[in-house]
Each structure stands twice: as structure tokens, then as C-alpha cells.
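The values are calculated or read from the model by the stated rules, or taken from the named source; none is laboratory data. The structure displayed is predicted, hence computed values, not measured ones. Cβ atoms come from the backbone with ideal geometry, glycine included; neighbour counts cover every protein chain shown.
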Amino acid sequence: MFKRILIANRGEIACRVIKTARRMGIATVAVYSDADRDALHAQMADEAVHIGPPAAAQSYLDIEKILEACRKTGAEAVHPGYGFLSEREAFADALKNAGIVFIGPNPGAIAAMGDKIESKKAAAKAKVSTVPGHLGVIEDERQALKIAEEIGFPVMIKASAGGGGKGMRIAHSAAEVTEGFTRARSEAKSSFGDDRVFIEKFITDPRHIEIQVLGDKHGNVIHLGERECSIQRRNQKVIEEAPSPLLDPATRAKMGAQAVALAKAVNYDSAGTVEFVVGQDKSFYFLEMNTRLQVEHPVTELITGIDLVEQMIRVAASEKLSIKQDDVKLNGWAVESRIYAEDPYRNFLPSVGRLIRYQPPEEEKRDGITVRNDTGVYEGGEISIHYDPMIAKLVTHAPTREQAIDAQSSALDAFYVDGLQHNIPFLAALMAHPRWRAGKLSTGFIAEEFPRGFHGHDLSEADARVMAAVAAAIDFVAGERKRQIAGQLTGRFVTRERDRCVFLETIAGSTIAAPTEHPLSVARERGDIVARFGGDKTLALKSDWKPGERIWRGRVGDDDIAVQVRPLPNAFDLTWRGMRVRVHVYTESEAAAARLMPIKIAADSGKRLLCPMPGLVVSIAVSEGQEVKAGETLAVVEAMKMENVLRAEFDGVIKVVRAKPGETLAVDAVILEFA
Amino acid sequence: MAAAHPRAMPSGTKRGTNPNLGLSTMDILETLEKRREAARVGGGEKRIEAQHKRGKLTARERIGLLLDKGSFEEFDMFVEHRATEFGMEKNKIPGDGVVTGWGTVNGRTVFVFAKDFTVFGGSLSEAHAQKITKIQDMAMKARAPIVGLFDAGGARIQEGVAALGGYGDVFKRNVVASGVIPQISVIMGPCAGGDVYSPAMTDFIFMVRDTSYMFVTGPDVVKTVTNEVVTSEELGGASVHTTKSAVADGAFDNDVACLLQMRRLIDFLPANNRDGVPEWPSFDDIEREEPSLDTLIPDNPNKPYDIKELILKTVDEGDFFEIADAFAKNIVTGFGRIAGRTVGFVANQPMVLAGVLDADASRKAARFVRFCDAFEIPIVTFVDVPGFLPGTSQEYGGLIKHGAKLLFAYSQASVPLVTIITRKAFGGAYDVMASKHIGGDINYAWPTAQIAVMGAKGAVEIIFRQDAGDKDKIAARTKEYEDRFLSPFVAAERGYIDEVIKPHSTRRRIARALAMLRGKSVEMPARKHDNLPL
């Protein structure tokens, strides 16, 4: 076994690999760029080597620098994680030439599977069922159109070298083929330095299901069941689970066998993933093979009990696979949420900054429920503009799907992040979504269920009562302490009024709805705080919450819940299950006065298009004086290597254009103004 | 607001009205209740409704929100003016435009007067002024805070000099009470002419946005005299006074928000200059460590960071009441608690003008420091200051004198002073920001601190003027200077810094220092008073 390995990656995956290596008694070497000087992975590793400036091309993607770091530290092997150099044949080759072991598949397998077109040919040869499409490189728009028409709409245009949704477009019409082809090509070029794209049939209402395979250098290949990753936004996976609610044992066995056959056909000798697009009728077609550890591998680990990183290291050290196909037993259900620094209320635009507060739920194994949080950040750390804005992968495992989802939901409620925008409210809302809970998935799920984007989760009567009761309980505890202030008049106690009126305003991003009123009486009864609403609706609350705590944990009625608390002057914001509300807890006389107060309307910023994130202006699609309709493209801003199309939210006329293509803008910089 | 009063008779029983028997005690009690009810409606339902339509509460409603429920004891409800000119003798309303009395805020005594806009527009008469001075005198006797709620039209012109005299009586008492009991003024409507000077002499002024304004002379007079056309809001609205003039220390969206925040502020304030800060049980461990503070200072010394994060992570439960938050944002002032006891915080804000000291920041902080010192509130100072702001506008604006105010205030303060240098402490600003030399009791530095006369670039250009043309030499000299001076250790070697501390331990260090300094006592020479550079 290796004595020392280097991890040619950063963030959560580097930390995750270090954990397993450490458990196996292997020393670890991290690499870091200038931007990652204080990053967690650099702190966690036994040694850390600086490899250059923040730009990935000059650090994490620089093969020579990684080799140099290996030589300097005497690392015998390199784990590439995912992304960066993980699927570069040249990297695997370079390591081989330097006598360093690549903890991943052999260069030949990477070459065979790395190119999407080549991989399809290989798959067809191995008798894996494939999607109808054109496997050649497409020269221009005209050819793209011709091929699309031959296959029949809808079609998908994809970058040959692509992955992760970059350089990928779906076209339903000839016009969309033209636009999609151009965009896919330019994104492919900027993301991968390779503008080759291809076209294939797009399966309607498809599901994304992938098979984890594991091979060794002795010709053994097994599969570890499937993961379903149908919940995607713009082809980026958001929620993954294992197993899939769609598959039956027979289909699983068939897909597994094909995946193993393909792996064997290319002499696959590490952990890899064979992705399929699956129809609702369980028909499945090969999509691509990822010759690396997947982001979502933890869900497989939790249902199989197999540490994939450990297996990768063992097979890389030429050990024989100790697990036989028959040993693989799928146990329970695992669900993973990807927590990203992005603003769900502003069309998921990336957000960067300091993690002023980062308080994840506790990792634990209790009562058959596991909570695992794979992260590469810490409180006081930074999500920088240079890399993927992932904060963490939150994974829960339980005996059943429903329990795993409930556990995920609770864990998300207890996940407290401040300092930047993040998608936890959206993930929490997804967990509560009836269609997700029913397992009726497709890759169009988010587009179908959130056609106008995410605007917060609607509050039911019962939800509002819970929030109001928690607010009243918090206010009650704060009030108990206020009555202990020194210097009070003696001989007369300050009497507490029992009646309260909670004004509750729903918040979605920067929009705050008009308040709804929830009159209740609140008192302490045998340790519990009891909130009585009108009629006979009563909620008993049990909690040890104390002023200053950011999460209110307690029992409300029969449910154990966690509600995030952010105090404000005269109010606090409560977040629970994707719902965010601002609550004011008033006495009756305060409520009466508050009703008399005029409603103030915030200054109108709707007349301007603001840059939603720090980024580079790629193009401005309109000119001064031009009339635009809602939905029309106004400008394209590139951030985090993604082109973000900014569209008009309403019909209007452009008054002034303030930004120029090529200009770098700060967040909220004015791009243009409407008349 | 009609409170239920106990009645001895069962309801429905008719009381005798035999004229021969005179008034029964019960009748007399009923008369009292009727007179009270009449007084409580002030200027009448119509005017109350008009007040509500403007988004404002009445004087009694405001007092009801400020004080604990049922705690208000009103004085001088039946006082009427004594004017006879211009037919005023026929126009009398009980209370005469101001509601006065006392009550409690979370059980602690607070005196209050509230101008009643529904009665003679809240204008000040001789009798009205006497009601206020009576309350001021009582607050001084009881050594308890006084809060004035303003919503009035100035002097009652019909009373002439009697009204002006009344103002003078109020002003004089404001000054006598200054530094003895906290005085808070809340502007909740118009406040003009003579009315503005009483608030101006109190410790804090707060305003309500859009419904309040303050000026010495109103838009009409301004137009007549200077031909300038302005609205009341432009001349003296909350945004003007909280951002430009610094007359007001804060603004709130409406009456309710404002009064509830006044309750919160009072929880931070001592009752007077002798009782010491109020204390309540804290739920926040004084040993709490904040590892995230170890990365608060960015690697790049020219990159800003938010000093409020440090304040919020240091104080109990993240509870911080900021004073003058919208003015001179390059310095942050406000109240928090450590171990349940009030502490005043002063901190340079690197996010705004790099945290530089300018005239505005100096006078804002100076006033805050003097308030804390007067009321025995310990002061914690967080320092990251690149120096004083250069330039003609600053020098012409009297930066020397304004900067001296802060220097004076800190030098004079005898309360516990705990200072933490987080990053830059350059030049004279190092001395000013509660350094050891001017009376800082405990001075800590983070390892990232740079205590020097100036930054490396400027220093090298002066010290090594002869090498100016030689890039390599300058670079070497700069490195030399940075290594030697841009650290806390030169100061620590001299004992100007008591210790270099880890950022994550800041709260614990401050808590221990404040605990140790609880009994601090400083002797000052006898004098009539000092001569602060005004």
C-alpha cells in the first residue's frame, strides 16, 4: 500500500479523500492555490504544497505543478477527485511517465470514455443500448440543423469534451438549434478549450439514472447499484438518491450488467459511473461514462457500506477487488442535497463571499438514521469567485425513502449559513414537494414545478401557526429575561400580558409580503410554553432555546423541529422547511398601534437591470431606445465560467445602457435603465 | 384608553339626585372620572383621527407603548394655561398640550413627557413648560432617565415672552441634568424653533422617518430670508439629521418601531451616573471562542472587512444597539453587553473610507465616549485606522479641533478602557484610539496588527529619499520596514501593548479585562470644568 498520496484537487472532495486516506494510515499531501491559502483541505492534509495563482489553469489544472509537488513530497500516488484533471488522459499519462500511480482508471480507459462521441461508439460495440443520434463532429449550423431534422425534435446539443451541464443545449425547433449550437460551442470553448459539439435525440420526460462500477487491474468489474439524479437545474444535479424509486430489481440487474460489460470492454480498473437516460417506461439508453469519482458517490457509499475512495486506492495499488458482485447488498435509502452559494430567489445566480456563519447539522448515526456532511469550508472561510461555488453535500441515510427525506429535511433546517446567498431554502422546499416525495421524477422536474423560478415556499395555515407559536415562544423567553434586569422598582412586579398578536410576513429574496395576523395567548405551563390560538387550536412547545441561539430546536405539538432565528430590531426572521418569514410579536396595544402605521413602499429598483453577481459582460443584446418584451434577452454576463442570460422581467423601453461588453462588473452594478 | 375603575354600586342602581343632600362621595369620584376622561381625549376625537391619518400616534398612545403596561402615572392632567390675550381665556383644554408623568420600562423607573399635537398643536405655553420642568426636577430627584416625545408647533405665540421664559426653564434643567441622568429625545412630528434646543442638549435624539422634522427656522422663513425653496423633509427630515447634520442619532420607520427600540435602548442605559450599568443574566458563555475571527483580517492589507462582524461576535448574544449608524460610517459606535453588563463599543470601520478618522468620525465617537464616561459605561475600542484623512476640506473643516475632541474624550475617560488593535494603528490616530498613553487600561493587539507612524510605502519614500529612483532598493527597504514595523511586536517590546492575542479569544480576553477593571478608580485634579476643544 502507498505510504503517501497527493490529492490534486480542492474543496470538499479533497477533504473527503484525506479522511479515507488517514483512516487507511496513508499520509496525505494537499495542493493549494493563492486563493486557497486558508482552505480546509490545505489545513487537513499532513502536508500542503502551494501550486500557484488562483486561476485553475495555472494551479489545479497545471500538470507540471502537480508533478513537481509529488516529487517534492515523495507522494507515490495521486487522487484527482472530480473535475480539474480527473478525466485528463494527459494527466494520467504524465503521472505514469513519472512513475507515480494515478488513483483512477488507466489512460486508455479515460481516452475511450472521455470523449462523448468515442464513448458512444464503444458502448454500441459492447451492446449497450444507446440513444439515436449523430456521433460525428458537427461543422456548422447548417449541418447541425440537417442532423437535428433527421433525428427528429427535440434534440440535445452537447460539447464533446463537456460535463456538468456546461456547453449543453436542448432544441425543440430549428431556430433553437441555431441559437443552441452557437452557445454550446462558445461555452464549450470557454469551459474546455474544445469547441466540438454533437447532437442526439432528446428523450422526453427522461430520468437520469447512473450505475456505479468498480474494477481492478485483474479484470474484475462489479457494479454497486444505481443512483438517480433526475432533480437537475439547467443540467446540473441538485438532488441525488440511491437507489432509484423507478427501478425494479430486474431493470437494475440489466443496467448493471450492461455497465459492467462496457467497463470490461475498455479494461476499466477503478471507480467509474455509467450514466443512462431512462424513460418513464424503464427503457434506458447509455449517455456517457464518467471515468472518475462522482460528486454524488456518497449516496452509493451509504446504501452499500463500501468506501469508494478506499476501493479506488486499493485497486490503484494493484490489489484485487475483495468484493464480489453477490456481496453487494443495497441497504436502505440515501438522499444527497448539493448546497451551493447561489441565490435561489434571483434565478440561482452564483454568490461569493465570506462565510460569516457556517453551522452545519451535526454528523451522526442515530436510530438507524445517518447524517453526513461532506464539506470543504468552515465558518470564517470564503467562497471565492475562482472555483465551483459548492458549500457542502448533505447526505442522509435511513431504512426507507420517506425517512431519508424527512431526515434530509430536518438536517437542512439545521444548516445555518450567513454571509452569502445559498440554495438551502430551495432544497428544503424541494424536500417538502409532494411530487418529489412521491418519486415521480424527471430531469424536467424543476423547470416544470418552478416555471417562474423559486419564490419561497407557500405557507399553509398550519405552518403559519407553527411559525407564530415559535415566534411567541422566543419572545416569551426573551421577555422572561428582561424581567430579570437589575434596578427594578421593588414591591411591584411587572405583570406579563398573556395575549400576543404575531404579525407574520412571508419573505422571498428581497420581497416581503404584507403581514398576516395571528392572535394567540402564550404562557408557561409545567415547563412547556403553550400557545393558544382562537378556537381550540393549541400548540405546546418544548425547547431549551435561549436568547442568542441561532437555531430554535424543540417539539411543537408532536413534531421535533429546528427553526433558524435571525434577530432584527423589533422582529426576527424565522426559516423553516424552505419558508422564511419575518415575525413581529406584539402585545395587543402594540398590535393596535402597528395597524395604524402607514405601509411604506421601498424605493423602486425595478426600473434598472442590475448585475446580479460579480462577472464579465459578454454581450449586451439591446440598444438605447429599443422596446423589449418580458423574457427577451437583455445581456449576457459570465461568472464562474457560466454564461448567465439576463432577461427582461417586464415589457419596457431601454433608456440608457451603462455597461459595455468586456467590462467587469460588481454585484448590483447598473447594466441598463428602463424609461 | 378609558380604564375600568371599580365602582361601589352594583350596575343599574340609580343614584339619588336630591339637591338637599349635596354631592355624595361617589358623585365626587364620578366627577373625577369624568374630568379624567375629558382630559384623556385631549384635543378631541377629530384631531386624534387626523393624527392617526398622518401615521402618527397620540401622546398617550405613545407613552402606552414606551412604558410597561399599566405603569404610567400621569401628573398635571388638569393643568390649563393662564393666558388671556387674543381670546385664549375662552379656549382651554386640560393638560395644555403635553402629557407628563412617570412609569417603568421593564420595571425600571423612567420619566416621560409627550407633546400632544391634538391640543394647541402641542405648542409650549408657560403652564405647559411648568409641567415639563416639574417632571425634569422629579427625574433629577429620583435619579432616573427622562424621555421627551416631541410633536409640536413651537412656542404658543399668544403667550409671548412667558412661553420663551418657559423654554429657558426647560433648557436650564436639561443642562443641569446632563451627565447625571440619561436624557433621550424622540422626534415624532414637527419640532421647530425653540423646541429644538431642548432635544439638542439631551444625550440622544431619535427621529421617525417621513413624519418628523427638526429645524430652527422653517421653509417659509428660509424662503423669505434666503430665497431658498426647500421642503420640511429636505430641510430637517430624519435622513438629513441622521446622515448630514448628525443632529439625530438614529431613525425608525414608524412610531411603533421607534418606541419599542427606545425600550431596548433603555435596557442598556444606567439609571444615572452613580448606579452603574444595568445587569441581566447572560446566556452567552464568556469563554465562547470564535475561530472564524482568525480569518477576519484579509490576506491583502488593503482589502476591507466588516468590523461589525467582530462586534457582533464579541457581544453577548450578538445584541448590539448602534448609535448614529448612518453618520460617519467610518467609525462604529454603540452599546452591547459582555457578561450581561452594558459596554460601549467604538470601532474603526475598514469598509468605509478604510476606517480613516475624519472630522465627522472624530466628533461622533467623541460624543459617544463622553456619554459612556459620564454614565460609568466601560468602553471597548477596536482599532484599524490608517490615520487622519488628509486634504483641504478636512483641514478647512477644522480636523485638528474635531480630532482633538476624540483625543480629549478618551484621555479624560475614567471608565475601564479596553483596546484591541486588529490591523492598522498608524500615526497620531494610534494615540487617539484609546492607546495606553492616553489612559487605555488594557491594550491588546491581534497578530495582524501593524503599529507604526505610517504605512510602508510612505515611510520608505521619506526615510530612504536618496533611493527614490532605484526600484530594487526601494523594494528591499519596503520589505525591511514591513518586517520591522508592520507588526505588533515593536509596540509589544515597549509595553505599549499588554499582549498579542489570538483573534478567536477576543471575547474571553475582553470579558476578563472588564471583570478585572470593575473597581477601577481614577483621581482627577479639582477644577471647575475642563475646556474641551468645542
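Candidates are the residues of segment A:503-532 that are crowded, with 18+ Cβ neighbours inside 10 Å and more than 34 Å from the chain's Cα centre (by Cα); the one that is farthest from A:V477 (Cα to Cα) is A:H518. Collect the residues in segment B:71-105 that are of a type in the set (A, V, I, L, M) and within 14 Å of chain A (Cβ to nearest Cβ), keeping them in residue-number order. Across segment B:71-105, the qualifying residue is only B:V105.
Scanning segment B:106-117 for residues that are part of a strand (DSSP E or B) and at the interface with chain A (Cβ under 9 Å from one of its Cβ atoms), we see that the one that is surrounded by the most Cβ atoms within 10 Å (Cβ to Cβ) is B:R108.
Restricted to segment A:393-405, and to residues that are touching a helix residue (DSSP H, G or I) at 6+ places or on another chain (Cβ under 8 Å) and in a helix (DSSP H, G or I), which residue is farthest from A:V295 (Cα to Cα)?
A:E402
Checking each residue in segment A:544-589 for being in contact (Cβ under 8 Å) with a residue 24 or more places away in the chain, within 12 Å of chain B (Cβ to nearest Cβ) and either among the polar types (S, T, N, Q) or crowded, with 18+ Cβ neighbours inside 10 Å (or both) picks out A:W545, A:P547, A:V565, A:F572, A:H584, A:V585, A:Y586, A:T587. Checked against (1) at the interface with chain A (Cβ under 8 Å from one of its Cβ atoms); (2) touching a residue at least 60 places away in the same chain (Cβ under 8 Å), B:V277 meets all criteria but (1).
Taking the listed residues B:T243, B:T314, B:T295, the one that is out of contact with any Phe, Trp or Tyr (no Cβ under 7 Å at 6 or more places or on another chain) and more than 7 Å from every other protein chain (Cβ to nearest Cβ) is B:T314, with no other qualifying. Give the residue that is farthest from B:V369 (Cα to Cα), with candidates limited to residues of segment B:443-490 that are β-branched (V, I, T), surrounded by fewer than 21 Cβ atoms within 10 Å (Cβ to Cβ) and within 38 Å of the chain's Cα centre (by Cα). Among those residues, the one meeting the criterion is B:V490. One residue stands out among those in segment B:281-291 that are surrounded by fewer than 20 Cβ atoms within 10 Å (Cβ to Cβ) and facing chain A (nearest Cβ under 7 Å): the one that is farthest from B:V315 (Cα to Cα), which is B:P291.
Could you check how many residues of segment A:654-675 are under 10 Å from A:I620 (Cβ atoms), of a type outside the set (D, E, K, R) and touching a residue at least 40 places away in the same chain (Cβ under 8 Å)? Can you show your working first?
Taking segment A:654-675 and keeping what is under 10 Å from A:I620 (Cβ atoms), we get A:654, A:657-661, A:663, A:671-672.
Checking the rest, the ones that are also of a type outside the set (D, E, K, R) come to A:654, A:657, A:659, A:661, A:671-672.
Still in the running and touching a residue at least 40 places away in the same chain (Cβ under 8 Å): A:659, A:661, A:671-672.
The qualifying residues number 4.
Looking across segment B:121-163, the residues that are of a type outside the set (G, A, S), over 26 Å from the mean Cα position of the chain (by Cα) and surrounded by fewer than 24 Cβ atoms within 10 Å (Cβ to Cβ) come down to B:E126, B:I157, B:Q158, B:V161.
Of all residues in segment A:547-597, how many are small (G, A, S) and within 27 Å of the chain's Cα centre (by Cα)?
2
Restricting the first member to segment B:75-89 and to residues that are exposed (fewer than 12 other Cβ atoms within 10 Å of the Cβ), and the second to residues that are not charged (D, E, K, R), the beta-carbon pairs closer than 6 Å and six or more apart or on different chains are B:E85/B:Q158; B:F86/B:Q158. Checking each residue in segment A:245-281 for being assigned to a loop (DSSP other than H, G, I, E, B), surrounded by fewer than 24 Cβ atoms within 10 Å (Cβ to Cβ) and within 26 Å of the chain's Cα centre (by Cα) picks out A:P245, A:L246, A:L247, A:G279, A:Q280.
From the list B:R47, B:R35, which residue is part of a helix (DSSP H, G or I), more than 11 Å from chain A (Cβ to nearest Cβ) and under 32 Å from the mean Cα position of the chain (by Cα)? Answer to the check: B:R47.
Beta carbons closer than 8 Å, at least 6 apart along the sequence or on distinct chains, pair a first residue in segment B:296-308 that is modelled with pLDDT of 85 or more with a second that is of a type in the set (G, A, S) and in a loop (DSSP other than H, G, I, E, B) for B:L296/A:G380.
With respect to the conditions (1) hydroxyl-bearing (S, T, Y); (2) modelled with pLDDT of 95 or more; (3) farther than 30 Å from B:E289 by Cα, B:T506 lacks only one, and its number is (3). Here the condition is being of a type in the set (A, V, I, L, M, F, W, C), part of a strand (DSSP E or B) and over 30 Å from A:Y358 (Cβ atoms); of A:L574, A:L504, A:L520, A:L541, it holds for A:L520 alone.
Residues in segment A:229-244 that are crowded, with 21+ Cβ neighbours inside 10 Å and either in a loop (DSSP other than H, G, I, E, B) or among the hydroxyl-bearing types (S, T, Y) (or both): 3 in all. Considering only segment A:298-349, state which residues are within 13 Å of A:L214 (Cα to Cα), among the hydroxyl-bearing types (S, T, Y) and surrounded by 23 or more Cβ atoms within 10 Å (Cβ to Cβ). The answer is A:T300, and nothing else.
Residues that are more than 26 Å from the chain's Cα centre (by Cα), surrounded by 20 or more Cβ atoms within 10 Å (Cβ to Cβ) and small (G, A, S) within segment A:31-75 comprise A:A48, A:A69, A:A75, listed in sequence order. Taking the listed residues A:K629, A:K607, A:K600, the one that is out of contact with any Pro (no Cβ under 7 Å at 6 or more places or on another chain), of a type in the set (D, E, K, R) and within 14 Å of chain B (Cβ to nearest Cβ) is A:K600, with no other qualifying. Determine if segment A:467-480 includes at least one residue that is of a type in the set (D, E) and within 14 Å of chain B (Cβ to nearest Cβ). Yes: segment A:467-480 contains one or more residues that are of a type in the set (D, E) and within 14 Å of chain B (Cβ to nearest Cβ).
Inspect segment B:54-69 for any residue being within 30 Å of B:N273 (Cα to Cα) and surrounded by fewer than 18 Cβ atoms within 10 Å (Cβ to Cβ) and give the result as yes or no. Yes, some residue in segment B:54-69 is within 30 Å of B:N273 (Cα to Cα) and surrounded by fewer than 18 Cβ atoms within 10 Å (Cβ to Cβ). Quick one: which residue in B:F320, B:F327 is under 13 Å from the mean Cα position of the chain (by Cα) and crowded, with 18+ Cβ neighbours inside 10 Å? None of the others qualify; the one that does is B:F327. For residues in segment A:481-502 being modelled with pLDDT of 90 or more and more than 9 Å from every other protein chain (Cβ to nearest Cβ), which is surrounded by the most Cβ atoms within 10 Å (Cβ to Cβ)? Per the criteria, the residue is A:V502. Within the bounds of segment B:219-236, is there any residue that is buried (at least 23 other Cβ atoms within 10 Å of the Cβ), under 19 Å from the mean Cα position of the chain (by Cα) and at negative phi? So far as segment B:219-236 goes, yes, one or more of its residues are buried (at least 23 other Cβ atoms within 10 Å of the Cβ), under 19 Å from the mean Cα position of the chain (by Cα) and at negative phi.
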